[in-house]
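Written out below as structure tokens is the structure these notes cover.
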Amino acid sequence: MHTAMLRLAQGMAVLGGTVLSLLILMTCVSIVGREIGLGPIPGDFEMVEAGVAFAIFAFIPLCQITSGHATVDIFANRFPPGLSRIMRAVTELVFALVLILIAWRLGSGTLSKLNVGETSFILQFPVWWAFGASFAGSVIAAFVGVYMAGVRIAEAAQGRPLIPEGEP
Amino acid sequence: MSDLAIGIASFPVLLALIFLRVPIGLAMFVVGLVGVNLVTDGWTVALGRLKTETYTTFSNYSLSIVPMFLLMGHFATLGGMSTALFKAAEGWLGHRKGGVAMASIGACAGFGAICGSSLATAATMGRVALPELRRYGYAGGFSQATLAAGGTLGILIPPSVVLVIYAILTEQNIAKLFLAAFVPGILAALGYVIAISIYVRFYPDRAGTRPRVPYAERLRALVAVWPVLLVFLLVVGGIYAGWFTPTEGAAVGALGTGLIALFNGGLTGKTLIESFHVTARSTAMIFFIVLGAAFYNGFLALTQVPSELADWVVAQGFTPLMVLALILVFYLLLGCVMDSLSMILLTIPIFFPVISALDFGLVNLLDMQAAAVAEALQNGIPEGVAPEMIASIREAVANGVELTREQMRAIDINVSQGRVNRIAAEQTAIWFGILVLIVVEVGLITPPVGMNLFIINAMDRTTKMIETYKAVLFFVASDIIRVVILVAFPAITLFLIR
């Protein structure tokens, strides 16, 4: 189970990284085109914006499953392990709820853009495509978030660590 | 409760959550969400904002620099440039007393020029330099402290992820901030070298000696670092010269370091996937804090807390320098427990309006007018201007009297109070940004939770953490002295952008 979830999160990270790399290449091609007089790739920055937003949503699952978020540990490290596990479970549960909230609202935002039929300024692609891609990423992020909440709740219930924090 | 009271009450709640190990971005997001609900009496506004705010935050064109810089930093690590930089610096400095440590600082500075992250710089240079330091008889604590301090140069020397975030929060020009960070970054490296030479004078037995390297070999080692120089000049020079936007510069840098890594054999399918994993984790971490901060700061703005606080500070009549000093000390203390990006995102929206409301006297109307007059008249008196007019202008400048609009129009200059205020606001923002950048970076090397110390210490567990803590105090002292110098002489930071 955990291996499958980890593979999913890593797969999303590689997908996001690939999109990011393609955007980097495209941006460089666009600069060269502009400098040698062929002109930039039209709407290059629109693609960067939409692509990077998707990439970031695709990056969240790996951060979630490896507990990569920034925290201040210095005080909480002195709590007894039992209390620590319960707090972690609560935190992770809230995190999962927030990720669900984000996905839900982004889905609703995507539908609004679809209904309004808004298009991007230069390339004239429907804005809901970009929203939809990010929405897909946010759904997987929420899915992984719920799984991690389950893991931490199970840890608190059984009173022992199941999945270590940090990188696999 | 009034909105203002809700805003103020949110601080202790937020801090309590953060200290209970709630991820910082999550804590800000939740407090912001609940806060907006309380201030706007219901969930409609908060939920409505969430429809688009996550997407618009993540698709911010300027912020897309961040994942690109992170990928660039990882490619730089894979490209083997850290070894080349260390070899070059070691060749020139290694034979001095404490020279291998000085060389580590030099190599960190060089690596910082192509890497925008402190942790990556510390980790990369640590792997290369720590074994060498130990081989030449440098004490463990001293070696680790050197590399942890050297790592902070990754962010001080542009490109810098933290400066990008600061620029976006305060709506400043990224290129100008990078340029302003350059001299303080060099000063940081020099300050660390001085700290090392003082340290080895106190503890001569903690640094070994190393034979001189012949000049031919030194030059060869120096030539080997050309790709670093090329990428740095292309990225930072190109951004500043206006060849491309900072985001495009980041793309060029990522491609450049990627190509170097490819040619050196460091970039393979396996390491590329690793790079994506590392970039994914850091990017998601940073952007979740950015998102939480955007939400929390949106809530704070609704409550008017930042502007009320700024008004209050001004009304108290504190001197501007006293306020600045208090804020910087606050960062030093908070830096002991919190990471730099979180601190910046958490506090800049509150402190920046305060700093902006104060007058540090960085620019002066009369001085600027005098300079403009001198420039306008340096090629002789412009044609068709009455000599009496020129005489009256010269007299006004000599007596320190503000020029009239007619006088300025006569010699075709325009230095109004409004323009001077705009320049003063920009210079204050940039100066404050560099100062904050330095003090939050000190947090990376201050006990008990300096991240750089942990990263380096994890590489060689035979050294006790307490030894590293003791040695790093020399570097912290160097940082603090540098901050005092930069506060006392703003021109050091600002002369390049004037």
- request: Return a yes/no flag: does the stretch A:47-56 have any residue that is facing chain B (nearest Cβ under 7 Å) and under 30 Å from A:Pro161 (Cα atoms).
  value: yes
- prompt: Does A:Ala142 qualify as being under 11 Å from A:Ile60 (Cβ atoms) and modelled with pLDDT of 95 or more?
  reply: yes
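Residue-by-condition table, conditions (1) among the hydroxyl-bearing types (Ser, Thr, Tyr); (2) free of Cβ contacts under 8 Å to residues at least 12 places away in the same chain; (3) touching a Pro at 6+ places or on another chain (Cβ under 7 Å):
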residue: B:Phe432; (1), (2), (3): no, no, no
residue: B:Thr463; (1), (2), (3): yes, no, no
residue: B:Phe475; (1), (2), (3): no, no, no
residue: B:Asp479; (1), (2), (3): no, no, no
residue: B:Val484; (1), (2), (3): no, yes, no
residue: B:Val487; (1), (2), (3): no, no, no
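Might you let me know whether the stretch A:63-81 holds any residue that is among the aromatic types (Phe, Trp, Tyr) and either outside any helix (DSSP H, G or I) or touching a strand residue (DSSP E or B) at 6+ places or on another chain (Cβ under 6 Å) (or both)? First the steps, then the outcome.
Quick first cut of the stretch A:63-81, residues among the aromatic types (Phe, Trp, Tyr) only: A:75, A:79.
With either outside any helix (DSSP H, G or I) or touching a strand residue (DSSP E or B) at 6+ places or on another chain (Cβ under 6 Å) (or both) added as a condition, the list becomes A:75, A:79.
Among the residues of the stretch A:63-81, at least one is among the aromatic types (Phe, Trp, Tyr) and either outside any helix (DSSP H, G or I) or touching a strand residue (DSSP E or B) at 6+ places or on another chain (Cβ under 6 Å) (or both), which makes the answer yes.
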Test result for A:Ala133, within 28 Å of A:Pro42 (Cβ to Cβ), aliphatic (A, V, I, L, M) and modelled with pLDDT of 95 or more: yes
field: Which listed residue, of B:Val329, B:Val323, is over 28 Å from B:Leu33 (Cβ atoms) and either in contact (Cβ under 8 Å) with a residue 12 or more places away in the chain or within 14 Å of chain A (Cβ to nearest Cβ) (or both)
entry: B:Val323
query: From the list B:Ala241, B:Ala293, which one is within 14 Å of chain A (Cβ to nearest Cβ) and either of a type in the set (S, T, N, Q) or surrounded by 21 or more Cβ atoms within 10 Å (Cβ to Cβ) (or both)?
result: B:Ala293
statement: Only one of (1) of a type outside the set (Val, Ile, Thr); (2) more than 17 Å from B:Leu345 (Cα to Cα); (3) crowded, with 19+ Cβ neighbours inside 10 Å does not apply to B:Pro448, and that is (3)
query: From the list B:Ala84, B:Ala120, which one is under 29 Å from A:Val48 (Cβ atoms) and at pLDDT below 95?
result: B:Ala120
Test result for B:Ala5, more than 12 Å from every other protein chain (Cβ to nearest Cβ), more than 17 Å from B:Ser342 (Cβ to Cβ) and part of a helix (DSSP H, G or I): yes
- prompt: Among helices (runs of 4 or more DSSP H) lying entirely in the stretch B:38-151, which contain 2 or more residues that are within 22 Å of the chain's Cα centre (by Cα), crowded, with 22+ Cβ neighbours inside 10 Å and within 13 Å of another protein chain (Cβ to nearest Cβ)?
  reply: B:65-78
Unmet requirement for B:Thr283, which otherwise passes all of (1) under 22 Å from B:Thr54 (Cα atoms); (2) among the polar types (S, T, N, Q); (3) more than 8 Å from chain A (Cβ to nearest Cβ): (3)
- prompt: If you take the residues of the stretch B:277-290 that are crowded, with 23+ Cβ neighbours inside 10 Å and free of Cβ contacts under 8 Å to residues at least 60 places away in the same chain, which of them is farthest from B:Gly7 (Cα to Cα)?
  reply: B:Ala280
task: Check whether at least one residue in the stretch B:255-273 is touching a His at 6+ places or on another chain (Cβ under 9 Å), facing chain A (nearest Cβ under 9 Å) and surrounded by 18 or more Cβ atoms within 10 Å (Cβ to Cβ), and report yes or no.
output: no
query: A:Arg105 is checked against (1) within 9 Å of chain B (Cβ to nearest Cβ); (2) on the phi > 0 side of the Ramachandran plot and fails just one. What number does that condition carry?
result: (2)
query: Hey, any hits in the stretch A:4-25 for a residue that's outside any helix (DSSP H, G or I) and more than 8 Å from chain B (Cβ to nearest Cβ)?
result: no
task: Return a yes/no flag: does the stretch A:67-76 have any residue that is in contact with a helix residue (DSSP H, G or I) (Cβ under 7 Å, 6 or more places away or on another chain) and more than 8 Å from chain B (Cβ to nearest Cβ).
output: no
task: Out of the residues in the stretch A:109-128 that are assigned to a helix (DSSP H, G or I) and among the hydroxyl-bearing types (Ser, Thr, Tyr), state the one that is surrounded by the most Cβ atoms within 10 Å (Cβ to Cβ).
output: A:Thr110
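Considering every residue within the stretch B:24-33, establish whether at least one is more than 14 Å from every other protein chain (Cβ to nearest Cβ) and over 13 Å from B:Thr303 (Cα atoms). Don't jump to the end; show me each part of the working.
Start the filter on the stretch B:24-33 by keeping residues that are more than 14 Å from every other protein chain (Cβ to nearest Cβ), which leaves none.
No - not one qualifying residue is present in the stretch B:24-33.
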task: Report yes if B:Gly42 is in contact (Cβ under 8 Å) with a residue 40 or more places away in the chain and not aliphatic (A, V, I, L, M), otherwise no.
output: no
message: I'm trying to understand the selection: among the residues of the stretch B:393-413, which are surrounded by 17 or more Cβ atoms within 10 Å (Cβ to Cβ) and assigned to a helix (DSSP H, G or I)?
response: B:Ile393, B:Ala396, B:Val397, B:Gln407, B:Met408, B:Ala410
message: For a quick check of your reading of the model, give me the residue pairs whose first member lies in the stretch B:399-428 and is more than 21 Å from B:Pro490 (Cα to Cα), whose second is among the small types (Gly, Ala, Ser), with beta-carbon atoms closer than 7 Å and at least 6 apart or on different chains.
response: B:Leu403/B:Ala396; B:Gln407/B:Ser392; B:Gln407/B:Ala396; B:Ile411/B:Ala376; B:Asp412/B:Ala376; B:Ile413/B:Ala372; B:Ile413/B:Ala376; B:Val415/B:Ala372
message: Which numbered condition in (1) away from every other protein chain (no Cβ under 12 Å); (2) surrounded by fewer than 24 Cβ atoms within 10 Å (Cβ to Cβ) is the only one that B:Phe299 fails?
response: (2)
task: Consider only pairs whose beta carbons are under 7 Å apart and that are at least six residues apart or on different chains; among these, list those whose first residue lies in the stretch B:367-386 and is among the small types (Gly, Ala, Ser) and whose second residue is in a helix (DSSP H, G or I).
output: B:Ala370/B:Val397
task: Specify the residue that is nearest to the other protein chains (Cβ to nearest Cβ); the eligible residues are those in the stretch A:35-46 that are assigned to a loop (DSSP other than H, G, I, E, B) and not aliphatic (A, V, I, L, M).
output: A:Pro40
- request: Please tell me if A:Phe131 is in contact with a Leu (Cβ under 9 Å, 6 or more places away or on another chain), facing chain B (nearest Cβ under 7 Å), in a helix (DSSP H, G or I) and touching a residue at least 40 places away in the same chain (Cβ under 8 Å).
  value: no
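Got a sec? Which of A:Leu93, A:Leu106, A:Leu101 is in contact (Cβ under 8 Å) with a residue 40 or more places away in the chain and surrounded by 15 or more Cβ atoms within 10 Å (Cβ to Cβ)?
Numbers: A:Leu106 fails: in contact (Cβ under 8 Å) with a residue 40 or more places away in the chain; A:Leu101 fails: in contact (Cβ under 8 Å) with a residue 40 or more places away in the chain.
It is A:Leu93.
The values are calculated or read from the model by the stated rules, or taken from the named source; none is laboratory data. Remember, it's a predicted structure, so these values are computed and weren't measured experimentally. Here the Cβ is made from the backbone with ideal geometry for all residues, glycine too, and neighbour counts use every protein chain on show.
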